[in-house]
Amino acid sequence: MAGTAKRRYQDVAEALKQDIAARGCKVGDRLRTERQISEDMGVSRSIVREAVIMLEIEGLVEVRKGSGIYLARLPNTRPGETTVDFGPFELLQARQLLESNIAALAAVTVTKSDIMQMREALAMEKAAIEAGNDDYSGDELFHRLIAEATQNAVLVDMVEELWHKRAQSRMWASLHNRIFDRTYRSNWLSDHQAILNALQMKDAPAARQAMWQHLENVRLTLMTLSDVDDPDFDGYLFSSEAIAPA
C-alpha cells in the first residue's frame, strides 16, 4: 500500500510538470493552489502536497507561505540552465522534416492497437474544440502516438523534445493567444484524420504527404497571425519549400 501511495504522488508530480509545460508557464508564475490541483486531478490534498514537496526538492517550484506555489525553473532544465527560445517557424520547419518521415515509417510499422489509441486522441482533440477550451493535449498525444508507432524510442524522444520546445517558446504562445477563430483547430483536426486514414491504409507516401501538409497548414495559419515587424519573427527565414516531399 505504501508503495502504491508513493507511485501516486510521483504520478501527480509528473502530471504537474507536463501541465506546466502545456500551459507555457514562465519562471516566476504563480501556479494553481493545492486545492485547485486536488479538484482538477481528482486526488487527495495530501497526495498533492507530497507531489509539490517533491517538485520543491527538485528545485522546480518555490512554496511561499501565505502566498502560493511559484515556478522556480522550467521542467527539463537544470538550475542555472538558460532556456533558448526557438522561433515558431524554425520549430515548424524541423517538425515538417522530422514528423513527415516519421509518419511514413509509422505507416509500415503501425498496429491495430496504435490506430485505436490514435482514434481516442482525435476524440480528445474534438471534445476540446467543441468545449471551446485551450486544451491541446489530444493534439500532442496524436503526434506522439505516431512516433510511438515506429517502435523507435529515439524518434519518440525527438518528437517529445520538439513539443517541449514549443511549450517554452514565447513567440509560439503569443501567436496562439491570437487564435480566436476555432475553425483553425477544426481544420487541423481534419488534417489529423487524413494522416490517420493514410496510416490505416499503411500508405507510407500518403502518410508522409498528409503530415507535411498538416504542418504546412499550421505554418500558413500562423503566418497570417504573425507580427512581421517583430524582431524575433522568423517566418521568412525558415521556408518549407526546401523540405517539401518530392
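What follows is calculated from the coordinates using simple rules that are stated; it is not laboratory data. Source: prediction; values computed, not measured. With ideal geometry, Cβ positions are generated from the backbone for all residues, glycine too; neighbour counts draw on all protein chains shown.
Pairs from the table (26/165; 126/165; 17/165) lying more than 19 angstrom apart at Cα are 126/165.
Here the calculated FRET efficiency for residue 111 and residue 14, from their Cβ-Cβ distance with R0 = 35 Å, stands at 0.85, rounded to the nearest 0.05.
Here the spin labels are modelled as points 7 Å beyond Cα on the Cα-Cβ line, and at residue 161 and residue 203 they lie 3.3 nm apart. The gain in end-to-end length when the residue 151 to residue 46 segment is fully stretched comes to 34.0 nm, 0.36 nm per residue minus the alpha carbon separation. Quick one: 3J(HN,Hα) in Hz for region 152-165, Karplus 6.51/-1.76/1.60 with θ = phi - 60°, rounded, Gly and Pro as x. Result, ordered by residue: 10, 5, 5, 5, 4, 4, 5, 5, 4, 5, 5, 5, 5, 5 Hz. For region 95-153, the spread of Cα coordinates along the three principal axes comes to 34, 26, 16 Å, biggest extent given first. Subtracting the Cα-Cα distance of residue 65 and residue 130 from their residue separation scaled by 0.36 nm leaves 19.5 nm.
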